[in-house]
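The values are calculated or read from the model by the stated rules, or taken from the named source; none is laboratory data. Just so you know, these numbers come straight off a predicted model, no measurement behind them. Cβ: placed from backbone, ideal geometry, glycine included. Neighbour counts: every protein chain shown.
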Ligand SMILES: Cc1cc2nc3c(=O)[nH]c(=O)nc-3n(C[C@H](O)[C@H](O)[C@H](O)COP(=O)(O)OP(=O)(O)OC[C@H]3O[C@@H](n4cnc5c(N)ncnc54)[C@H](O)[C@@H]3O)c2cc1C
């Protein structure tokens, strides 16, 4: 019988192909399984001590609601968060811990991991991060900063106070929060600048500048000091007020001696200056100068040479370290006019609530804005977990938070005023009273750091 070798070869090739395809598919399937397993583990790792989230995550996986690591919620249950700064992603993480679905809409068209300069996270903010399972991620990002050493314009030390905290780049913090949020299934949408919000029966509609819109059961505005959520939903709310201070700062390299875990603060003749020197000469600095007129887009216009020259002139009578730091500026000087809002009459309306700076904008003078925003996120998530009706959850959140944050906003304003330059007599008086003032402020700060965090505590609505 003639043997059709071509046909047999074709048959062998065909079977090989099937086996190969099957093997390939099995490898792909295994890879997919491995990827899903790693993602699921990563999600669970964020809250290793929390059984509830493990159960919740498992439940979502079981019903197949997790797709590509993202929890797909429905319009009826989805919480819309506006702003991926600090409060927004922290709320996303805490809500997922409570088993609630969220999506975060951010105006910037990409993650701003390079945004802003550095900030100090106080112990109360660090405690929230630890409680949310981010301790390890954040510990490696910055450096410990637990003493503030104050000097007058001659360099004489006025006070050395214990504070506590971590100094880290704002962008690095934002990135750590975003990555942790993504791991637990929070979805981020960039390039979505909120333009307006409509509250309807049983839900909200957010409209964005690019013409798109999103629907959810409620909306949380974590969109910072110039919050669009606040402007659109609370048109009668007071506007942020300029506090007559401009903050400039950055990181340079100098040959100054290391400052260990201390940050030095100088009440300069004309402007306030702060710095810390890390091993290798990496030097973190800022200057707060007083200016009566509110700047309107003028700060970015000046090039680095002009900024360096002006700062050197401003600090010409201050200790030599200041000059050395300013001379080392080669680029990247950030400039921020300082605003605050002493008090908003209300933080929520119907299914819309404000969070972080959007609700209680605070100046940088007591280093608490980011920490309070983190605390807010933690408390709001607990309220939303325990009180299913959003307006009631929001009312309870405001009730629990207002008395804590408003005195801190006032304290920051008072501290900011102390930084303003003054005449000879004023300086002498300041040098006399400042050590006592700073010591009592530091004592108040210690009390502030002791924020009680208890995820398991239940929250009830009180009419
Ligand atoms: C110069 C300076 C120094 C500071 N230093 C410290 C410090 O050392 N320690 C400290 O604790 N705090 C400090 N703060 C305060 C701190 O930065 C804020 O309190 C903190 O960032 C508030 O977090 P948030 O998430 O509420 O707002 P933000 O961090 O401002 O985040 C708001 C987010 O919303 C986005 N957004 C804005 N508008 C829209 C829109 N229409 N649609 C969608 N998204 C939008 C923004 O792009 C941003 O990502 C400082 C502030 C300044 C200005």
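Here are the numbers:
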{"quantity": "Checklist (1) within 14 Å of the ligand (Cβ to nearest atom); (2) farther than 30 Å from residue 303 by Cα; (3) in a helix (DSSP H, G or I) applied to residue 447, failing item", "calculated": "(1)"}
{"quantity": "Residue list for region 278-293, filter: over 19 Å from residue 161 (Cβ atoms) and buried (at least 22 other Cβ atoms within 10 Å of the Cβ)", "calculated": "283, 285, 287"}
{"quantity": "Unmet requirement for residue 148, which otherwise passes all of (1) farther than 22 Å from residue 102 by Cβ; (2) surrounded by fewer than 16 Cβ atoms within 10 Å (Cβ to Cβ)", "calculated": "(2)"}
{"quantity": "Within region 279-294, tally of residues that are within 16 Å of residue 416 (Cβ to Cβ), within 16 Å of the ligand (Cβ to nearest atom) and free of Cβ contacts under 8 Å to residues at least 60 places away in the same chain", "calculated": "4"}
{"quantity": "The lone exception for residue 359 - which of (1) touching a helix residue (DSSP H, G or I) at 6+ places or on another chain (Cβ under 6 Å); (2) modelled with pLDDT of 95 or more; (3) within 16 Å of the ligand (Cβ to nearest atom) it fails", "calculated": "(1)"}
{"quantity": "Unmet criterion (only one of (1) surrounded by fewer than 21 Cβ atoms within 10 Å (Cβ to Cβ); (2) within 15 Å of the ligand (Cβ to nearest atom)) for residue 222", "calculated": "(1)"}
{"quantity": "Lone qualifier among 412, 371 - being under 30 Å from residue 283 (Cβ atoms), modelled with pLDDT under 95 and buried (at least 17 other Cβ atoms within 10 Å of the Cβ)", "calculated": "412"}
{"quantity": "The lone exception for residue 380 - which of (1) more than 27 Å from residue 121 (Cα to Cα); (2) touching a residue at least 24 places away in the same chain (Cβ under 8 Å) it fails", "calculated": "(1)"}
{"quantity": "Matching option when the condition is surrounded by fewer than 23 Cβ atoms within 10 Å (Cβ to Cβ), under 30 Å from residue 314 (Cβ atoms) and either without any contact (Cβ under 8 Å) to a residue 12 or more places away in the chain or within 11 Å of the ligand (Cβ to nearest atom) (or both), among 171, 135", "calculated": "171"}
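Yes/no per residue for (1) within 16 Å of the ligand (Cβ to nearest atom); (2) within 28 Å of residue 429 (Cβ to Cβ); (3) touching a strand residue (DSSP E or B) at 6+ places or on another chain (Cβ under 9 Å); (4) without any contact (Cβ under 8 Å) to a residue 24 or more places away in the chain:
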residue	(1), (2), (3), (4)
269	no, yes, no, no
273	yes, yes, yes, no
309	no, no, no, yes
322	no, yes, yes, no
335	yes, no, yes, no
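Okay, residues lined up against (1) in contact with a strand residue (DSSP E or B) (Cβ under 6 Å, 6 or more places away or on another chain); (2) modelled with pLDDT under 95:
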{"position": "305", "(1), (2)": "no, yes"}
{"position": "326", "(1), (2)": "no, no"}
{"position": "342", "(1), (2)": "no, yes"}
{"position": "350", "(1), (2)": "yes, yes"}
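The rows are residues; the columns are (1) out of contact with any strand residue (DSSP E or B) (no Cβ under 8 Å at 6 or more places or on another chain); (2) within 11 Å of the ligand (Cβ to nearest atom); (3) at pLDDT 95 or above; (4) closer than 19 Å to residue 123 by Cα.
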{"position": "156", "(1), (2), (3), (4)": "yes, no, no, no"}
{"position": "159", "(1), (2), (3), (4)": "no, no, no, no"}
{"position": "165", "(1), (2), (3), (4)": "no, yes, no, yes"}
{"position": "194", "(1), (2), (3), (4)": "no, yes, yes, no"}
{"position": "197", "(1), (2), (3), (4)": "no, yes, yes, no"}
{"position": "201", "(1), (2), (3), (4)": "yes, no, no, no"}
